[in-house]
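Asker: Before we start, here is the structure in question, set down as structure tokens.
The values are calculated or read from the model by the stated rules, or taken from the named source; none is laboratory data. Fair warning: this is a prediction, and the values are worked out from it, not measured in the lab. Note: ideal-geometry Cβ built from the backbone for every residue, glycine included; neighbour counts use all protein chains shown. Side chains included, ligands, DNA and RNA excluded: accessible areas come from the protein's heavy atoms. Shrake-Rupley method; radii C 1.70, N 1.55, O 1.52, S 1.80 Å.
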Amino acid sequence: MAPWGYEKDNGPAHWHKDCPIANGKNQSPIDLINGEVKYDSGLKPLTAKYVPFSDAKFLNNGHSVQFQPSAGNGSELTGGPLAVKYNFEQFHFHWGNNDTEGSEHRVDGKMYPAELHFVHWNSTNPSFKDAVGSGGPNGLAVLGFFLKVGAENAALKPITDLIPKVKDAGTSVTVPSNFDMQAILPATLTDYYTYDGSLTTPPLAECVKWIVFKQPLEVSAAQMEAFRSVINRDGKPMGGNYRPPCPLHDRAVKTSFK
Ligand SMILES: NS(=O)(=O)c1ccc(NCc2ccco2)c([N+](=O)[O-])c1
Ligand SMILES: [Zn+2]
């Protein structure tokens, strides 16, 4: 089979052939249906402490564009539904070719134009890869932020300004060391959905505590157009790099808000 992608011949409907877990009972993304979620007053606020990276790359890996430090630097996530500290690994995006599609998670069936994932791994493991393979839904914690078109996002501008430099698959660029990742996050990480799920691309491991924020971030139309200029490994626009929603089966979606 051609390497996995999002086209007709290698897209989500094909992934189960190499990754049978694709048909598992804890797959992501899902449709977050407000009538079926349950408020959990025990959910604490989340705390993300991000330290500026001196050596991070922004890269086009053929199916997303990704901010990837070369090593950890003490950036971490704690609180919320998490029992231990999680180390920051990378962030990346999923988007569509128009404003009616692009996010992976949906809210009452609605898609946003894009979704930003901040990936963290359980610090009780020796490495990110061990955390992915650690079994159970506590290996990774991924923060999901919906993006909608509105005002320019000044915190993401240093990243969206780099997109033309990683237009082609396999290209990368060094991110200026004064890039302030913390500024991307809302001041308080409240009002989120959380559930046990999986990576949304192969290997689709069911190792993720998903934390999806109710409040979308805004990006300008120009910033959205920058994403839509990115090319995948087949030389086509990368837009559409989102997996459709998976069955919830007997999972509960909890909310930190009423
Ligand atoms: N869209 S996501 O946040 O669920 C996601 C999906 C895949 C991977 N990685 C693919 C992988 C893991 C191990 C070997 O290869 C990551 N990640 O790496 O953070 C995140
Ligand atoms: Zn993702």
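Asker: State which residue pairs qualify: first residue on the phi > 0 side of the Ramachandran plot and inside the range 152-177, second residue crowded, with 20+ Cβ neighbours inside 10 Å in any location, beta carbons under 7 Å apart, and separation of 6 or more residues or different chains.
Answerer: As it stands, the answer is Gly170/Asn60, since those pairs meet every condition given.
Asker: Which one is surrounded by the most Cβ atoms within 10 Å (Cβ to Cβ), of the residues in the range 101-141 that are among the β-branched types (Val, Ile, Thr) and away from ligand 1 (no atom under 15 Å from the Cβ)?
Answerer: Only one residue fits best here, namely Val107.
Asker: When you look at Leu43, is it hydrophobic (A, V, I, L, M, F, W, C), farther than 22 Å from Gly235 by Cβ and more than 19 Å from the chain's Cα centre (by Cα), yes or no?
Answerer: Judged against the criteria, Leu43 is a match.
Asker: While we're looking at this one, here's another question. Looking at the range 44-55, is at least one residue surrounded by fewer than 22 Cβ atoms within 10 Å (Cβ to Cβ), of a type in the set (Lys, Arg) and free of Cβ contacts under 8 Å to residues at least 12 places away in the same chain?
Answerer: No, there is no match, as no residue in the range 44-55 is surrounded by fewer than 22 Cβ atoms within 10 Å (Cβ to Cβ), of a type in the set (Lys, Arg) and free of Cβ contacts under 8 Å to residues at least 12 places away in the same chain.
Asker: With Gly197, Gly150, Gly235 as the choices, which residue is open to solvent by less than 70 Å² (accessible area, probe 1.4 Å), small (Gly, Ala, Ser) and within 17 Å of the chain's Cα centre (by Cα)?
Answerer: None of the others qualify; the one that does is Gly197.
Asker: Being under 18 Å from Ala226 (Cβ atoms), assigned to a loop (DSSP other than H, G, I, E, B) and charged (D, E, K, R) is the requirement here; does Glu152 meet it?
Answerer: Answer is yes for this residue.
Asker: For the range 61-73, which positions are open to solvent by less than 40 Å² (accessible area, probe 1.4 Å) and either free of Cβ contacts under 8 Å to residues at least 60 places away in the same chain or of a type in the set (Lys, Arg) (or both)?
Answerer: Gln66, Pro69
Asker: Hey, could you check the range 155-166 for residues that are outside any helix (DSSP H, G or I) and aliphatic (A, V, I, L, M) and say which is surrounded by the fewest Cβ atoms within 10 Å (Cβ to Cβ)?
Answerer: The extreme case among them is Ala155.
Asker: If the Cβ limit is 6 Å and pairs must be 6+ apart or interchain, which residue in the range 232-258 that is of a type in the set (Val, Ile, Thr) pairs with which residue that is open to solvent by 50 Å² or more (accessible area, probe 1.4 Å)?
Answerer: Thr255/Tyr39
Asker: So which of Ser41, Ser127, Ser134 is over 24 Å from Tyr192 (Cβ atoms) and polar (S, T, N, Q)?
Answerer: Unique residue meeting the criteria: Ser127.
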